[in-house]
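Enquirer: For reference, the structure I am asking about is given below.
The values are calculated or read from the model by the stated rules, or taken from the named source; none is laboratory data. Values in this document were obtained by computation on a predicted structure and should not be read as measured data. Cβ sites come from the backbone with ideal geometry, for glycine too, and all protein chains shown count toward neighbours. Surface areas here come from the heavy atoms of the whole protein model, side chains and all, with no ligands, DNA or RNA. Shrake-Rupley method; radii C 1.70, N 1.55, O 1.52, S 1.80 Å.
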Amino acid sequence: MASEFTHSQVIALPNHPSLHAHDYRQVVIGLQGQTEFELSGRGSLVGPGQGCLVSEAELHAFSGIGQNEILVINLPESVLLGESSMKQKVEALFERDVYFQLDAQAQTLVKALTGEMIANPHDVILGRACADTLLCVMERHFRDQLAPRRQGHRLNMDIIDLYIRQHISRKISVAQMAGSVFLAESQFHQLFKAQVGVTPHQYVLKKRFELALELLSTSQLNLAQISDSCGFSSQSGFTSAFSRHFGVSPSRYRHDH
C-alpha cells in the first residue's frame, strides 16, 4: 500500500534481479554506483544524475550492480488529486521518455536535498518537502531543456557525451541516446546526423576508439581489458575494428607510443 503523501527515500538495490509493479508512480534518481532497470521493454543502466520514471501498475525489472544508492520518490494518486498544480507537473514529467539525464545544476540540488534526508531519516515533513522540490525542479529542468531545441533545433551534446562516457563499456543503442535528451529515435537520428555530420553509431564508435587510444597509451591494461572497457564485443573484434580504422594493430600502436 502506498503512503498517503509524497514519499522519498534513499535505498540500495540488491544485486539479484527483481520484478514487480505498484499502484503508484515512482521517480528513481541514481546517486552512487549503477543500477539496471527494464521499463517499457527497454533496459538501461542508471548511474549518478540519471534516472527513470515508473508508471503505476507497470511491471518493471531492476537490480543493483555492486555498491549502489538511488533516490526513490513515490507518488500516490490520492495526494496528487488534492494538489492540482503538483498533479500537472507530474503529468508533464511522465510525458517524457522513461529514462532521463539531469544536468550538473540539477544534480547538485539532488545531492543537497538527499543529504538533508539522509541526515534526518525520520523527519517526514522534510522528506516530503524535498520530494516536492525535486519534482518541481525536474519538471522545470526538462521544460527549459526542451525550449532551446525547439527554437534552434540543437542537441545538447554535453548530455549526450556524458551518457556515452558513463555507458561506454556496454552496448549503446540509438534509442537510449535519444532518451537521454527526450527525443523519439527517428527525430534524434535525423537531428544528430544534421548537427554532427555522422550517424549516432559512428559517433559512439569514434568515442570508443578515443578511449582505446588513451588506454593503450597511458594504462597497463591488456588488450582484452581494453576491449571490455571500450565496449567491444570481443578482443578479436576490437583488434579488427582498430586495425581497419587506424591502419595499425592495437599492439603496434602501443609499442610505438
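Enquirer: Pull out all pairs, ordered by first then second residue, where Cβ-Cβ is under 6 Å, the residues are six or more apart or on different chains, the first lies in region 182-205 and is touching a residue at least 60 places away in the same chain (Cβ under 8 Å), and the second is surrounded by 14 or more Cβ atoms within 10 Å (Cβ to Cβ).
Expert: PHE182/ARG96; PHE182/ASP97
Enquirer: Yes or no: region 212-219 includes at least one residue that is out of contact with any Asp or Glu (no Cβ under 6 Å at 6 or more places or on another chain), touching a residue at least 12 places away in the same chain (Cβ under 8 Å) and within 30 Å of ARG96 (Cβ to Cβ).
Expert: Within region 212-219, the first condition is being out of contact with any Asp or Glu (no Cβ under 6 Å at 6 or more places or on another chain), and the residues that meet it are 212-219.
Filter once more, so that each one left must be touching a residue at least 12 places away in the same chain (Cβ under 8 Å): 212-213, 215-217.
Cutting the leftovers down to within 30 Å of ARG96 (Cβ to Cβ) gives us none.
No, region 212-219 contains no residue that is out of contact with any Asp or Glu (no Cβ under 6 Å at 6 or more places or on another chain), touching a residue at least 12 places away in the same chain (Cβ under 8 Å) and within 30 Å of ARG96 (Cβ to Cβ).
Enquirer: For the list (1) open to solvent by 40 Å² or more (accessible area, probe 1.4 Å); (2) under 27 Å from the mean Cα position of the chain (by Cα); (3) not aliphatic (A, V, I, L, M), I need the number of the one condition that PHE209 fails.
Expert: Every condition holds for PHE209 apart from (1).
Enquirer: Please work out if TYR203 is modelled with pLDDT of 95 or more, closer than 24 Å to PRO48 by Cα and not aliphatic (A, V, I, L, M).
Expert: Details: modelled with pLDDT of 95 or more: yes; closer than 24 Å to PRO48 by Cα: yes; not aliphatic (A, V, I, L, M): yes.
Answer is yes for this residue.
Enquirer: Regarding PHE232, is this residue within 23 Å of the chain's Cα centre (by Cα) and in the same structural domain as ALA178 (by the TED database)? Before the answer, list the steps.
Expert: On the way: within 23 Å of the chain's Cα centre (by Cα): yes; in the same structural domain as ALA178 (by the TED database): yes.
Taking the combined requirement at face value, the residue satisfies it.
Enquirer: In addition: In the list SER85, SER55, SER40, SER44, which residue meets the criterion of being open to solvent by less than 30 Å² (accessible area, probe 1.4 Å) and either touching a Gly at 6+ places or on another chain (Cβ under 6 Å) or not β-branched (Val, Ile, Thr) (or both)?
Expert: The conditions single out SER44.
Enquirer: Just checking, which of LEU211, LEU216, LEU191 is within 20 Å of GLU95 (Cβ to Cβ), in a helix (DSSP H, G or I) and modelled with pLDDT of 85 or more?
Expert: Values: LEU211 fails: within 20 Å of GLU95 (Cβ to Cβ); LEU216 fails: within 20 Å of GLU95 (Cβ to Cβ).
Every option except LEU191 fails the conditions.
Enquirer: Can you give me the number of residues within region 142-176 that are modelled with pLDDT under 85 and among the acidic types (Asp, Glu)?
Expert: Counting residues in region 142-176 that are modelled with pLDDT under 85 and among the acidic types (Asp, Glu) gives 1.
Enquirer: Being out of contact with any helix residue (DSSP H, G or I) (no Cβ under 6 Å at 6 or more places or on another chain), at pLDDT below 85 and outside any loop (DSSP other than H, G, I, E, B) is the filter here, so list the residues in region 46-85 that pass it.
Expert: Correct list: GLU77, SER78, VAL79, SER84, SER85.
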